[in-house]
Every structure is written in structure tokens, then in C-alpha cells.
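Heads up: the structure comes next, in C-alpha cells.
A short reminder: the numbers here are calculations on the coordinates, not readings from a lab. For clarity, every value in this text was computed on a predicted model and none was experimentally measured. Reconstructed Cβ throughout: ideal geometry from the backbone, glycine too, with neighbour counts over all protein chains shown.
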């Protein structure tokens, strides 16, 4: 079995290659929003990022308290598998409330804590 240090990729300057860092517009409000449409947009950006696995590995290691990291939504150091609007859920789900499913790289699955 692999140790945690073999599963997590160290930070070797990968952040400079990330889609969120190379975007011409500031994206912090998007990646740390409570709004489902913002979260969906952040996850879509991550899904096409060349360093998504490194970002997710770092977030898992740091137990990120909040936000979208590596295509996953974190809350209190755990990945939220579902997020919905406040209040009573609608009888018919709204299409805009659907969050994209960004797959977790196989080598990081054993480290993932879910809420």
C-alpha cells in the first residue's frame, strides 16, 4: 500500500499552470461562492484544468475549510457530494441547480473524506 506522501503530489510550481491562475478575470468570488450557478461554473473550470489532480491533492492535505478545489466542493475539510439551495427542495429539480460531476483521480480516492 502506498503512503500518503506517495499519493499527494508536492507543490512544484503547478499553481502557475492552473486555469484559475491564468484567467484574465479574478475568480475568487466564483470559487468561494454559496450560489449553485457559481459553484457549477467553478467546477467546470476545474474539469478542464491541466493541474486539477495536484490542486485536489493539496486541498485534501491542507483539509481546506471551504470552496471549490480540484473540481470538488469542500466544507470543513470534507468534500460535499451534494449541494442544494436553501429551503424546501422543488418537486421538479431546476436544470441550473445541477452541479457538474468532476471525477476524482483514482490515486486520490483513498484520501477523500466526504460529508
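Quick notes on this structure:
- Spin-label pair residue 34/residue 21, simplified geometry with 7 Å Cα→Cβ offset, distance in nm: 3.1 nm
- Based on Cα contacts under 8 Å between residues 6+ apart, the range 13-111 shows a relative contact order of 27 percent.
- Fewest-first ranking of 39, 60, using other Cβ atoms within 10 Å as the exposure measure: 39, 60
- Length gained when the stretch residue 76-residue 62 is fully extended (0.36 nm per residue, less Cα-Cα span): 3.9 nm
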